[in-house]
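J.: The structure that follows is given in the form of structure tokens.
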Amino acid sequence: MSPRIVHIAANTFREAVRDRVLYNLIAFALLLSGAAIFVGQISIDIERLVVINLGLTAVSLFGVVIAIFIGIGLVSKEIEKRTLYTVLSRPVRRWEFIVGKFFGLAGTLVVNTFFMAIGVFGALLYVAHKFSKPDALILVALYFIVLEFLIICSLALLFSSFSSPLLSAVFAFSLFVIGSFADDLRGFASLAHGMTRWLATAAAYLVPNFSALNVISAVAHQQPLTSQLILNNTLYALFYTTVALSGAVLIFERRNLK
Amino acid sequence: MMNARKRTTVIAATCLAISMAASVLLLRHIDEIRPKATIEDALYINSPQMVKRASVGFNGLMACIYWTRTVQYFGHRHFDRAHTYNELAPLLEITTTLDPNLIPAYEFGASFLAPKPPGGAGEPARAIHLMEYGIEHNPDNWRLYYDLGFVYYTELKDYRNAAEVFERGSKVPNAHPFMKIMAAQMATHAGDFTTARMLWTATYESSRESNIRQNAVEHLRALRVDEDVTNLQALVTEFGEHTGRLPAGMWELVVAEQLRGTPVDPDGNQYQLSADGQVLVQNPDDFPFITRGTPPGYIPAPPKFHTKS
């Protein structure tokens with residue numbers, strides 16, 4: 001990786017930390033510790049399930065919100081503050097700027113997820129008093145969540161490269177919701193006929209499939225995950241991220257910044 | 001002298017505290033004047049599929065929330081000695097659609113749905129439907145077969161189906177050995193106290209969940225009382241046939257039948273004999289599941305749980 005990309009990524013990370021993005025960890029810690037303590041008193045026999053389900057859902061949703069709301073401003077904020085011109089006046093290519101921004105945001109989310117993961121395991125230890133072997137599957141679920149973040153970061157950057165922050169947020173969030181229903185979309189396509197079927201199938205493959213990356217329920221029930229799924233999801237996320245990032249680079253390269 | 005900044009801080013802090021206290025007090029007052037049913041009985045979305053869609057893939061967490069809601073709903077209605085549990089079955093259906101592997105929802109759900117009110121919703125058919133759905137999605141969990149057989153046995157007295165379900169469950173890998181015994185027992189001695197005792201003992205021994213174990217203890221205590229009362233009542237009848245009258249009291253029955261002292265219930269209280277020859281328990285409220293030994297017109301109090309038999 002070129003040192004210019006590393007610098008841009010490091011600055012993006014630093015900026016996110018300065019913007020107090022990691023403060024969400026406090027809300028996360030309160031949410032999880034509250035759930036761990038109180039659910040046992042108001043429900044029956046699901047303390048462990050709640051900690052895993054709530055913990056991983058919160059990791060996912062907090063991360064998605066951060067990815068979207070920081071991602072949409074990564075390019076537009078630089079244009080608004082006119083700092084982009086300072087950066088691009090140096091020997092930095094436009095694509096390096098986009099890729100650096102992507103890695104910076106992805107790094108922020110990975111660090112955020114790391115601390116949240118410690119919280120999830122801490123809460124699990126509190127309710128279960130010990131770890132069991134299948135608890136290692138939580139790491140796989142966290143890994144899939146990080147893959148999900150990579151896709152969302154790249155999409156936010158893609159929209160940010162040609163649209164206003166508000167519209168970018170709407171587009172990115174809509175794709176997140178539609179992507180969560182990707183399996184249903186495919187089911188709908190199989191029921192349709194003719195042109196509708198073709199269009200629905202195309203849409204189902206065009207939108208990111210987040211449902212394949214969501215294994216929270218399976219992990220909560222200690223159901224095994226195959227290495228094939230891990231490999232395929234990894235490759236899928238990498239390819240999809242590359243598609244969105246390439247799109248962002250293509251648009252940004254041609255964007256008139258004057 | 002207090003400067004302007006400090007004065008503003010004090011006034012704002014005072015306003016904040018007073019307004020917060022006032023809003024809490026008002027909300028408490030509003031809760032008191034609102035009709036209770038509108039707060040507790042509302043199930044805004046009845047369709048399990050709709051709730052599943054709305055959860056945007058986070059079905060597991062949503063199932064936990066709905067299960068907690070189910071427990072709270074049942075708990076409130078049970079505490080109020082309610083005779084209707086209209087939202088219980090839909091809540092369980094939504095919970096298990098969201099997460100078909102949520103085993104506690106089946107195990108406890110069936111015991112909420114099946115018993116007659118006020119102990120439960122009095123809907124054994126829906127309990128059976130719930131358990132069959134659970135078995136369909138968790139075919140390797142022998143406990144679900146056990147719980148289903150239990151509903152057939154205790155609530156419907158349908159021993160044939162109970163035997164069939166225990167038999168099915170006994171074939172599941174790692175099933176508890178008593179499943180086979182239960183299947184055989186259902187076929188031959190289904191209505192016996194011994195069979196009932198075996199079932200509740202098995203429930204007690206095979207569960208780690210304290211609520212289930214407590215419930216089993218209460219049923220075992222009730223079974224002993226039912227059996228004692230049945231046996232004593234038979235002795236009273238026998239006494240009547242020999243002497244042509246009822247015994248004057250429990251002491252006369254003890255002497256006539258050469259019993260080893262006055263019979264006592266599991267709490268050590270002596271059984272009593274009414275003027276019309278009925279054997280009665282001294283404190284029926286201590287045995288929430290007894291079917292015999294209660295005075296005429298007795299209305300049971302809310303169950304009290306004991307930790308040991």
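Only the coordinates and a few stated rules stand behind these numbers; no lab work does. Just so we're clear, the structure is a prediction, and the values are computed from it rather than from any experiment. Cβ atoms come from the backbone with ideal geometry, glycine included; neighbour counts cover every protein chain shown.
J.: What's the Cα-based Rg to Rh of chain B, Rh via Kirkwood? Walk me through the numbers before you get to the answer.
T.: Values: Rg = 26.3 Å, Rh = 23.1 Å.
Taking Rg over the Kirkwood Rh, I get 1.14.
J.: Let me ask something else about it. Shielding by partners for A:54-60, please: the mean number of other protein chain Cβ atoms within 10 Å of each residue's Cβ. Intermediate values should be presented prior to the final figure.
T.: Values: counts 5, 1, 3, 9, 2, 0, 3.
Average per residue, whole number: 3.
J.: Determine the principal axes of the Cα atoms in chain A, then give the extent along each, sorted from largest to smallest and rounded to whole angstroms.
T.: 62, 53, 31
J.: Here's something else I'd like to know. Assuming R0 = 51 Å, what is the FRET efficiency of A:SER227 and B:MET20, from their Cβ-Cβ distance, to the nearest 0.05?
T.: That gives a FRET efficiency of 0.40.
J.: I would also like to ask the following. Over 10 Å intervals from 0, what percent of Cα-Cα pairs in the stretch B:208-309 sits in each interval?
T.: Reading the bins upward from 0: 15, 44, 27, 11, 3, 0.
J.: Can you give the convex hull volume of the alpha carbon atoms of the stretch B:123-209 per residue, in Å³?
T.: Once divided by residue count, the hull of the stretch B:123-209 is 89 Å³.
J.: Can you order the peptides A:105-116, B:82-93 by their average number of other Cβ atoms within 10 Å per residue, highest first?
T.: A:105-116, B:82-93
J.: Mind running the shape call on the protein assembly as shown? Use the C-alpha gyration tensor, a ≥ b ≥ c as the square roots of the eigenvalues: rounded below 1.5 for a/c, prolate if a/b tops b/c, oblate otherwise.
T.: Working: a/c = 3.17, a/b = 2.15, b/c = 1.48.
Verdict is prolate for the protein assembly as shown.
J.: Which log10 I(q)/I(0) values, to two decimals, does the stretch B:48-193 give at q = 0.11, 0.16 Å⁻¹ under the Debye formula with one point per Cα?
T.: Summing over Cα pairs of the stretch B:48-193 leads to -0.43, -0.84.
J.: Which trypsin sites (Lys or Arg not before Pro) in the stretch A:94-152 sit in a loop by DSSP (not H, G, I, E or B) and have at most 16 other Cβ atoms within 10 Å of their own Cβ? Kindly include the intermediate steps, with their values, before the conclusion.
T.: Details: sites: A:ARG94, A:LYS101, A:LYS130; in loops: A:LYS130.
Qualifying residues, ordered by number: A:LYS130.
J.: How much net charge surrounds A:ASN209 when only the other residues with a Cβ under 13 Å from the Cβ of A:ASN209 are counted, with Lys and Arg +1 and Asp and Glu -1?
T.: So the surrounding residues net to -2.
J.: A further question follows. What does the structure give for A:213-223 when I average, per residue, the other chain Cβ atoms found within 10 Å of the residue Cβ? The partial results should precede the final answer.
T.: Values: counts 1, 5, 1, 5, 12, 2, 1, 7, 7, 1, 1.
Neighbouring Cβ atoms belonging to other protein chains average 4 per residue here.
J.: Something else now. Compare the peptides A:231-240, B:259-268, B:218-227, A:7-16 by average per-residue count of other Cβ atoms within 10 angstrom and give them in order, highest first.
T.: B:218-227, A:7-16, A:231-240, B:259-268
J.: First measure r as the distance between the Cβ atoms of A:PHE69 and B:ARG53, then evaluate 1/(1 + (r/R0)^6) with R0 = 25 Å and state the FRET efficiency to the nearest 0.05.
T.: Values: r = 25 Å, r/R0 = 1.00.
That gives a FRET efficiency of 0.50.
J.: How many lysine pairs in chain A, separated by 8 or more positions in sequence or lying on different chains, have Cα atoms less than 25 Å apart?
T.: On the way: A:LYS77/A:LYS101; A:LYS77/A:LYS258; A:LYS81/A:LYS101; A:LYS81/A:LYS258; A:LYS101/A:LYS258.
Pairs that pass both the separation and distance tests number 5.
J.: Counting other Cβ atoms within 10 Å of each Cβ, which trypsin sites (Lys or Arg not before Pro) in the stretch B:122-213 have at most 12 and sit in a DSSP loop? Mind dumping the intermediate values first?
T.: On the way: sites: B:ARG126, B:ARG143, B:LYS157, B:ARG160, B:ARG168, B:LYS171, B:LYS180, B:ARG197, B:ARG208, B:ARG213; in loops: B:LYS157, B:LYS171, B:ARG208.
Passing both the DSSP loop test and the Cβ count: B:LYS157, B:LYS171, B:ARG208.
J.: Continuing with the same structure: Treating cross-link reach as a plain straight distance, find the aspartates and glutamates whose alpha-carbon is under 19 Å from the alpha-carbon of B:LYS171, omitting any fewer than eight places away in the same chain.
T.: Cross-link targets: B:GLU132, B:GLU136, B:ASP140, B:ASP147.
J.: At a Förster radius of 22 Å, what calculated FRET efficiency corresponds to the Cβ-Cβ distance of A:PHE162 and A:ALA10, to the nearest 0.05?
T.: 0.30
J.: Let me ask something else. Going through the DSSP H helices of chain A, which span 20 Å or more along their own axis at the Cα atoms while scoring at least -0.5 as a mean Kyte-Doolittle hydropathy?
T.: On the way: long enough: A:3-18 (22 Å, -0.03); A:24-42 (26 Å, 1.95); A:47-71 (34 Å, 1.97); A:94-128 (50 Å, 1.43); A:137-160 (34 Å, 2.70); A:165-180 (22 Å, 1.99); A:227-254 (41 Å, 0.93).
Correct list, ordered by number: A:3-18, A:24-42, A:47-71, A:94-128, A:137-160, A:165-180, A:227-254.
J.: Further, regarding this structure: Among A:MET116, A:ILE145, A:PHE159, whose Cα projects farthest towards the positive end of the dipole of chain A, with charges put on the beta-carbon of Lys, Arg (+1) and Asp, Glu (-1)?
T.: A:PHE159
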